[in-house]
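K.L.:
The structure that follows is given in the form of structure tokens.
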Amino acid sequence: MIVIVPYQREWPGEFERLGRALRAALGGLAMRIDHSGSTSVPGLAAKSIIDIQVTTLDLTAELDAAITEAAYDRLVHILPDHVPPGASDEPEQWAKWFYN
């Protein structure tokens with residue numbers, strides 16, 4: 001069940017803590033680490049889950065191992081992102097890995 005809660009002032013700080021740990025674990029494998037999703041919007045009620053997007057050049061075994069070592073479990077049943085109308089339908093362009 002999804003529960004929406006009022007905005008929590010702690011969410012940005014929680015992302016900063018998690019983002020620092022991921023940056024330390026991933027080093028140069030991560031081009032960017034961003035707070036995404038509803039908890040990243042100040043004042044917005046949201047599900048109390050901090051969504052983090054890691055941008056990388058490639059989805060590699062080295063990246064997977066580093067994220068797993070940072071205590072995240074890969075959700076292997078979720079693979080591609082949706083392809084917007086008119087965009088390239090090349091599967092490798094829309095590959096995405098999810099962890100929790």
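The values are calculated or read from the model by the stated rules, or taken from the named source; none is laboratory data. The structure presented is a predicted model; accordingly, all values stated were derived computationally and were not measured. Don't worry about glycine lacking a Cβ; one is built from the backbone with ideal geometry, like all the others, and counts go over all protein chains shown.
K.L.:
Tally time: how many residues in the range 80-100 are assigned to a loop (DSSP other than H, G, I, E, B), out of contact with any helix residue (DSSP H, G or I) (no Cβ under 9 Å at 6 or more places or on another chain) and surrounded by 12 or more Cβ atoms within 10 Å (Cβ to Cβ)?
P.N.:
Initial filter on the range 80-100 (assigned to a loop (DSSP other than H, G, I, E, B)): 81-90, 96-98, 100.
Then drop every residue that is not out of contact with any helix residue (DSSP H, G or I) (no Cβ under 9 Å at 6 or more places or on another chain), which leaves 84-86, 89-90, 96, 98, 100.
From the residues that got through so far, the ones that are surrounded by 12 or more Cβ atoms within 10 Å (Cβ to Cβ) too are 98.
Total meeting the criteria: 1.
K.L.:
Go through the range 74-89 residue by residue and tally those that are more than 21 Å from residue 52 (Cα to Cα) and either at pLDDT 80 or above or touching a strand residue (DSSP E or B) at 6+ places or on another chain (Cβ under 6 Å) (or both).
P.N.:
4
K.L.:
Select from the range 11-59 the residues that are out of contact with any Asp or Glu (no Cβ under 6 Å at 6 or more places or on another chain), assigned to a loop (DSSP other than H, G, I, E, B) and farther than 21 Å from residue 80 by Cβ and list them in ascending order.
P.N.:
Correct list: 41, 42, 43, 44, 45, 48, 49.
K.L.:
Residues being surrounded by 12 or more Cβ atoms within 10 Å (Cβ to Cβ) and either acidic (Asp, Glu) or not in a loop (DSSP other than H, G, I, E, B) (or both): count how many of those fall in the range 66-79.
P.N.:
Residues flagged as surrounded by 12 or more Cβ atoms within 10 Å (Cβ to Cβ) and either acidic (Asp, Glu) or not in a loop (DSSP other than H, G, I, E, B) (or both) within the range 66-79 amount to 4.
K.L.:
Right, here's the next one. Find all pairs meeting these conditions: Cβ atoms under 7 angstrom apart; at least six residues apart or on different chains; first residue within the range 1-30 and under 14 Å from residue 71 (Cα atoms) and loosely packed, with under 11 Cβ neighbours inside 10 Å; second residue modelled with pLDDT under 95 and among the aromatic types (Phe, Trp, Tyr).
P.N.:
The qualifying pairs do not exist here.
K.L.:
Output the number of residues of the range 31-61 satisfying the condition of being surrounded by 11 or more Cβ atoms within 10 Å (Cβ to Cβ), of a type outside the set (A, V, I, L, M, F, W, C) and over 30 Å from residue 3 (Cβ atoms).
P.N.:
Final tally of qualifying residues: 2.
K.L.:
Oh, and also: Are any residues in the range 56-68 modelled with pLDDT of 95 or more and touching a strand residue (DSSP E or B) at 6+ places or on another chain (Cβ under 7 Å), and if so, which ones?
P.N.:
Within the range 56-68, 64, 67, 68 meet the criteria.
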